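Notes follow the structure.
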Amino acid sequence: YYSLQLDYARQFGDHEVTALGLFSRDTQSRGSIFPTYREDWVFRLTYNYATRYFAEFNGAYNGSEKYDNEHRFDFFPSVSVGWMLSEEPFIKKNVKFLDMFKIRASIGKVGDDNPGARWIYKDEFSYGGHMKQGPGQDDQSPYEFYTITKIGNPQAQWEVVTKRNLGFDLS
């Protein structure tokens, strides 16, 4: 496993900006099992103004060996916004019992690469032995044969869902 991460954070008066870039690659192998591979490219950008208005953009470009080359990588973006009402001057002045009140919303795509089996895009074969030569003949043919035990699906791809969230934080 190895990864590289770059971070940035800067404040300009009432404006605060952060950024993150991350790359990781994971290869695992044990004994005689074929190695497994996974790769992730991730970014995050955040902005807030005066600790009142917030925005965040995220993206992940993930790769999994479980799908064929055309469907191996997919992009999963998300965005969120927030408003800290308790930091607004009219709330601070008039509502003394409220320490924190924030409204936030987000929407984004997430993906799952765990279809339950490995390499589901490929056919699987099993050694079937020798064919019989014909009716009434007990001798086996010298020809070996294989049978398909599982038909692959080259169109299989990430399971993707769009998630939405609306929240209120209050204290």
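The values are calculated or read from the model by the stated rules, or taken from the named source; none is laboratory data. Quantities reported herein were computed from a predicted structural model and do not represent experimental measurements. As a convention, Cβ positions derive from the backbone with ideal geometry for all residues, glycine included, and neighbour counts pool all protein chains shown. Heavy atoms of the whole protein, side chains included, go into the accessibility calculation; ligands, DNA and RNA do not. Shrake-Rupley method; radii C 1.70, N 1.55, O 1.52, S 1.80 Å.
Residues in segment 148-161 that are open to solvent by less than 60 Å² (accessible area, probe 1.4 Å) and within 12 Å of the chain's Cα centre (by Cα): Trp158 alone.
Only one entry in Glu65, Glu56, Glu39 is in contact (Cβ under 8 Å) with a residue 12 or more places away in the chain, under 30 Å from Phe168 (Cα atoms) and of a type in the set (D, E, K, R), namely Glu56. Taking the numbered list (1) at pLDDT 90 or above; (2) more than 23 Å from Thr18 (Cβ to Cβ); (3) among the polar types (S, T, N, Q) in turn, Asn58 passes all entries but (2).
What number of residues within segment 59-79 are part of a strand (DSSP E or B) and open to solvent by 30 Å² or more (accessible area, probe 1.4 Å)? Step through it out loud before you land on a result.
Taking segment 59-79 as the starting set, the residues that turn out to be part of a strand (DSSP E or B) are 59-64, 73-79.
Still in the running and open to solvent by 30 Å² or more (accessible area, probe 1.4 Å): 61, 73-75, 77-79.
Qualifying residue count, segment 59-79: 7.
Take the conditions in contact with a strand residue (DSSP E or B) (Cβ under 7 Å, 6 or more places away or on another chain) and open to solvent by 100 Å² or more (accessible area, probe 1.4 Å) and apply them to Tyr53. Does it pass? So Tyr53 fails the test. For segment 96-110, a residue qualifies if it is modelled with pLDDT of 85 or more and assigned to a loop (DSSP other than H, G, I, E, B), and the qualifying residues are Phe97, Leu98, Asp99, Met100.
Could you look through segment 11-35, keep only residues that are over 30 Å from Tyr49 (Cα atoms) and in a strand (DSSP E or B), and pick out the one that is most open to solvent (accessible area, probe 1.4 Å)? Filtering first and then ranking leaves Gln28. The set of residues in segment 116-140 being at pLDDT below 70 and not acidic (Asp, Glu) consists of Gly129, His130, Met131, Lys132, Gln133, Gly134, Pro135, Gly136, Gln137, Gln140. If the condition is being assigned to a strand (DSSP E or B) and open to solvent by less than 60 Å² (accessible area, probe 1.4 Å), then segment 111-128 contributes Gly111, Ser126, Gly128. Note on segment 80-95: among residues that are of a type outside the set (A, V, I, L, M, F, W, C) and not in a helix (DSSP H, G or I), the one that is nearest to the chain's Cα centre (by Cα) is Ser80. Is there any pair with a first residue in segment 80-105 that is open to solvent by 50 Å² or more (accessible area, probe 1.4 Å) and a second that is of a type in the set (Lys, Arg) whose Cβ atoms are under 8 Å apart and which are 6 or more apart or on different chains, and what are they? So the pair list comes out as Val81/Arg104; Trp83/Arg52; Trp83/Lys102; Trp83/Arg104; Glu87/Arg52.
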